Number of protein chains: 2
Amino acid sequence: MTDNISPAAFTCGLDATLRVIAGKWKPLIVYFLAQSPNRYGELKRAVRGVSDKMLIQQLKELEADGLVRRTDHKEVPPRVDYALTPLGRSLSEALAPLCAWGSENMEEVARVFAERATWAEKSA
Amino acid sequence: MTDNISPAAFTCGLDATLRVIAGKWKPLIVYFLAQSPNRYGELKRAVRGVSDKMLIQQLKELEADGLVRRTDHKEVPPRVDYALTPLGRSLSEALAPLCAWGSENMEEVARVFAERATWAEKSA
DNA sequence: CAGAATCCATAAAGATACTG
DNA sequence: CAGTATCTTTATGGATTCTG
């Protein structure tokens, strides 16, 4: 009953990781924070297209999950910055190969997506 | 109309990768196919909890994206198997560190998720 | 500047039943 | 066995407005 089927029962390591980085923006946030700790505003500019709502929401979850540390400097005007914890940093390193894969195969991926867009257009 | 961004314009390599593996089951599918090419039924058993609809849907997208190759042996009863293409295999290798990260930190992740479940219960 | 609160549209996923 | 088809639900994300 105790550790039978808990909500946090992962089928494998990958499954566990996926639940932590679930969300459209989390991997990108971790990736940008790995390059440099950032203030809220800078982060928002770096993660292009994200809304305040989503950025805050995902930052809070990352913080709750122990990947990100939030520091409020209690100044006026507000100054808050975000940085990775050691756990977050280790995750960002695991993410690096995905960045590399995307960079190496971007042409091919873009081509395939363009084709998809084409027939999506035709069927509309 | 602000700045016209094409559908396949990625902000960085990670962004490109994320679009390819977007979907609850895709990374797991690639992961399992990397270990051994599989028939449809085996794959379904391996990816625990997936429905036919989702499995087929995501397999089709992976196939359209050039990561998976589907082979229909045209037999009765039907026999179809799925395997990674070279591109898919390279992606599976990039995924490996995420598996490792999840395995190494599963305890911690599970603990955090359990806490979340606790206060989600309380607010209900 | 760094959010919070609210409302809304859509996309993603699940359940179920059926088929060659 | 390897899927389809349809319906319903839920999760996700976006737009807007407001605030200390």
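The values are calculated or read from the model by the stated rules, or taken from the named source; none is laboratory data. Every value quoted in this text rests on a predicted model; they were computed, and no experiment measured them. Here the Cβ positions follow ideal geometry from the backbone for every residue, glycine too, while neighbour counts run over all protein chains shown.
Worth a mention:
- Selection over region A:33-51 of residues that are within 16 Å of B:ASP15 (Cα to Cα) and within 16 Å of DNA strand D (Cβ to nearest atom) gives a count of 8.
- In region B:1-34, of all residues being among the polar types (S, T, N, Q) and modelled with pLDDT under 95, the one that is nearest to B:LYS60 (Cα to Cα) corresponds to B:SER6.
- Scanning region B:52-77 for residues that are within 11 Å of DNA strand D (Cβ to nearest atom) and assigned to a helix (DSSP H, G or I) gives B:ASP52, B:LYS53, B:MET54, B:LEU55, B:ILE56, B:GLN57, B:LEU59, B:LYS60, B:GLU63.
- A:LEU91 meets each of the listed conditions (1) modelled with pLDDT of 95 or more; (2) not in a helix (DSSP H, G or I) apart from (2).
- Checked against (1) within 14 Å of chain A (Cβ to nearest Cβ); (2) surrounded by 12 or more Cβ atoms within 10 Å (Cβ to Cβ); (3) out of contact with any helix residue (DSSP H, G or I) (no Cβ under 9 Å at 6 or more places or on another chain); (4) more than 30 Å from A:ALA64 (Cβ to Cβ), B:LEU62 meets all criteria but (3).
- Against the criterion of being surrounded by 16 or more Cβ atoms within 10 Å (Cβ to Cβ), of a type outside the set (Val, Ile, Thr), touching an Asp or Glu at 6+ places or on another chain (Cβ under 7 Å) and closer than 23 Å to B:ALA9 by Cβ, A:LEU55 does not qualify.
- Yes/no for A:LEU87 being free of Cβ contacts under 8 Å to residues at least 24 places away in the same chain and within 11 Å of chain B (Cβ to nearest Cβ): yes
- Qualifying position, being within 15 Å of the chain's Cα centre (by Cα) and within 14 Å of DNA strand C (Cβ to nearest atom), among B:VAL50, B:VAL76, B:VAL68: B:VAL50
- Exclusive hit being out of contact with any helix residue (DSSP H, G or I) (no Cβ under 7 Å at 6 or more places or on another chain) and outside any loop (DSSP other than H, G, I, E, B), set B:GLY41, B:GLY49: B:GLY41
- Count of residues meeting criterion [without any contact (Cβ under 8 Å) to a residue 12 or more places away in the chain and of a type in the set (Ser, Thr, Tyr)] in region B:14-60: 2
- With respect to the conditions (1) within 12 Å of DNA strand C (Cβ to nearest atom); (2) surrounded by fewer than 12 Cβ atoms within 10 Å (Cβ to Cβ), A:SER36 lacks only one, and its number is (1).
- Take the conditions (1) modelled with pLDDT of 95 or more; (2) more than 16 Å from DNA strand C (Cβ to nearest atom); (3) over 16 Å from A:LEU14 (Cβ atoms); (4) touching a helix residue (DSSP H, G or I) at 6+ places or on another chain (Cβ under 9 Å); B:PRO97 misses just one of them, which is (3).
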